[in-house]
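Asker: Could you have a look at this structure, given as structure tokens, before my questions?
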Amino acid sequence: MKKILIVDDSVIIRRSIERLLEQEGAEIRMAQNGVTALQIFRDFQPGYVTMDLTMPEMDGLSCIKEIL
């Protein structure tokens, strides 16, 4: 099963992506900013991450650097 983390500060965007990926049978977690995304990433260990670039608290590029 695919494990995917969706990171976006817009709930509308997160839910839209979630609906698309659920059809593929993916296990999904969501975060509204980079700080929360890092916490979820460490626990969930997803194989894929969708990342918004502009978010409060920690932007997408900073989060990606931390993940890598």
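The values are calculated or read from the model by the stated rules, or taken from the named source; none is laboratory data. Only a predicted model underlies this, so the values are computations on that prediction, with no experimental measurement involved. All Cβ positions, glycine included, derive from the backbone under ideal geometry; neighbour counts span all protein chains shown. Note: accessible area is taken over every heavy atom of the protein model, side chains too, but ligands, DNA and RNA are not part of it. Shrake-Rupley method; radii C 1.70, N 1.55, O 1.52, S 1.80 Å.
Asker: How many nm is it between the label spots at Ile12 and Glu24, if each spot is 7 Å from the Cα in line with the beta carbon?
Answerer: Result for the modelled spin labels: 2.4 nm.
Asker: Please give the contour-minus-distance gain from Ile67 to Leu53: 0.36 nm per residue of separation, less the Cα-Cα distance, rounded to one decimal in nm.
Answerer: Stretched out fully, the Ile67 to Leu53 stretch lengthens by 3.6 nm.
Asker: While we're looking at this one, here's another question. For Rg/Rh (Cα atoms, Kirkwood Rh), one of (i) 0.94; (ii) 1.68; (iii) 1.00 was computed from the structure I shared and the rest are decoys. Which label?
Answerer: Of the listed options (i) 0.94; (ii) 1.68; (iii) 1.00, (i) comes from this structure.
Asker: Ignoring everything except DSSP H segments at least 4 long, calculate the 222 nm mean residue ellipticity for the chain; use -39,500 (n - 2.57) per segment, divide by total residues, nearest 500.
Answerer: It lands at -13500 deg cm²/dmol.
Asker: For the stretch 38-44, take each phi angle, set θ = phi - 60°, evaluate the Karplus expression 6.51 cos²θ - 1.76 cosθ + 1.60, and give the result in whole Hz per residue in order, putting x for glycine and proline.
Answerer: 4, 5, 5, 4, 4, 7, 8
Asker: In nm, give the distance between the simple-model label positions of Met1 and Asp43, each being 7 Å from the Cα along the Cα-to-Cβ direction.
Answerer: A separation of 1.7 nm, rounded to one decimal place.
Asker: For Leu68, Leu53, give me the order by solvent-accessible area with a 1.4 Å probe, most accessible first, ignoring ligands, DNA and RNA.
Answerer: Largest accessible area first, the list is Leu68, Leu53.
Asker: Then there is this: Let me spell out the model: positive unit charges on the Cβ of Lys and Arg, negative unit charges on the Cβ of Asp and Glu, origin at the Cα centre of the chain. What dipole size does that give, in debye rounded to 20?
Answerer: 160 debye
Asker: Step through the residues of the stretch 48-56 one at a time and calculate ³J(HN,Hα) from phi using the Karplus curve (6.51 cos²θ - 1.76 cosθ + 1.60, θ = phi - 60°), rounding each to whole Hz and writing x for Gly and Pro.
Answerer: With the stated coefficients, the stretch 48-56 comes to 9, 9, 9, 9, 6, 8, 10, 9, x Hz.
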